[in-house]
Each structure stands twice: as C-alpha cells, then as structure tokens.
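Structure, as structure tokens:
The values are calculated or read from the model by the stated rules, or taken from the named source; none is laboratory data. Computed from a prediction, not measured in an experiment: that's the story for all the values here. Glycine gets a Cβ as well: all are built from the backbone with ideal geometry, and neighbour counts include every protein chain shown.
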Amino acid sequence: MLPRSGGDLVTDLQTAVAKPDASLARGTAIHPHYRLRVHLRVCKIGQRFIFLDLAASRYFLLESEAAARFAAFREGSSDFRELDWLCGHGIIEPGVPAMSAELPIAAARSLIDEPLDRPAPWMVAEALAVQLVARRQVLRASLMDILRPVPGRKDAKTCGPVVAACHIAARYRSATDRCLPNAVAMRKMLARRGIASELVIGVMLPFAAHCWLQSGEVVLSDTFGRIQNFHPLAAA
C-alpha cells in the first residue's frame, strides 16, 4: 500500500480486481532520468489520475496537490522536491523513460448486442468448465500475470460461437465479480482456436472498475452500453 502524505493527497482505492489522455496512451518523454514505475498503468479523468498497480492488483487515485505534482512530472517541469515525493510514494523510479503500453482502439459495437447462432451444447459445457478454472486463476494470480498477450489471429468474425457459448454459460453462475473470470475464460477458448483478443481493464469516477474482452473495435464479453463510460486503463 502506498503511504499517505499531506492529508488526502493520495486516495487509496482498494479493490480485488477501463477515454484516456492522448499523451498517456502514446507515451511522452516526461523526464530524462525518471519514468513511471514499470508495473503502473495510469489514465487521467478530469484533473485526477487513476493508477493501477499490476503487481499488487490495486488501484489508487491522485488528486489535488498530488495530481498537480504528477502533472508537472508529465510536463517535464518537476523540481527535485516533487520528484522526491513521487519516488517516495512509488509512482516513479529512476530510469530511461519508456513508451506507455498500447491501448486498444475505441470500441464501436458488441457482438453480444447482435443476433448470434445458438452454440452447440458441448461448447456451452466447455465454457462452463473454462469459467470455473478461470475463476480460480483470478483469485490467486496478479493482474500482471493475467494481462499477458495471447498469440493468434485477430478475427472478430469468427468469434461468434465462443461468445455465444460463454454468454449462455455465464447465466448459470453467480453475477458477483464475474467480469474478469468471464473475460479470461472467453480468451482461453478463443486462444484454443487460434484467435487473439485483448483483455481491457477500465475505470470511471465515482470509482468503479470493469473489464471486457475486445477484438479490434468489437467488444466480445459485454454489451457496448455497459462498457462505453469506462476509460481504458490497461490492456493486453
């Protein structure tokens, strides 16, 4: 957990388990000798910054003076006191600045909102089994382990049967905190068939986090209406 300093400068958003600022998405050389800590992902909403620590699977928020300090760092105008504060709170570290992780293109539609053929019963059974395994995986793995690229071809047109099977299988399970295991399970089933997809984590304020699976501009694991107000924060 990051230490607090100066009142509510750092607000910790504890959770088990995402439009970002363009310069954050593309990467900016913010200081020649410091960089954002490699395990952190960040997006800006208004004048506040939401961070996700992938190694700790934890979110935190910078606002007010703390947000101003990080904004100055991004602009390359930090003085040594601001750099020391950011280092002390584990937000930046010494090192050569690196390009920020790529985020997917903006979603435009969802397969779940479109008519899908009913999947074969054996595929629904496969989805149920994979969802059970995925639920256990997300309980013990960090988001850093979960957010690893999956090789394969990108082809949203061939995802329909898997999407339909996973959507039906999810109805037989508890709705509590199931977005991540459902997305992980669907991703595994697609990977078995040589199809690549991106797992996206998004946030919004007042704070809420959500995740979904995406192929190009097509959402696979959720409706378009459910995800469109979330700001993508991390993806792989």
Does the range 146-159 include one or more residues that are on the phi > 0 side of the Ramachandran plot and at pLDDT 90 or above? no
In the range 68-89, is there at least one residue being under 29 Å from SER215 (Cβ atoms) and among the hydrophobic types (A, V, I, L, M, F, W, C)? no
Looking only at helices (runs of 4 or more DSSP H) that lie completely in the range 140-226, which have at least 2 residues being within 13 Å of the chain's Cα centre (by Cα)? 143-146, 179-192
Examine the range 100-110 for a residue that is among the polar types (S, T, N, Q) and out of contact with any strand residue (DSSP E or B) (no Cβ under 9 Å at 6 or more places or on another chain), and state whether such a residue exists. no
Could you please find all residues in the range 207-234 being touching a Pro at 6+ places or on another chain (Cβ under 8 Å) and surrounded by 20 or more Cβ atoms within 10 Å (Cβ to Cβ)? GLN214, PRO232, LEU233
Name the one entry in SER110, SER100 that is within 30 Å of ALA170 (Cα to Cα) and of a type in the set (S, T, N, Q). SER110
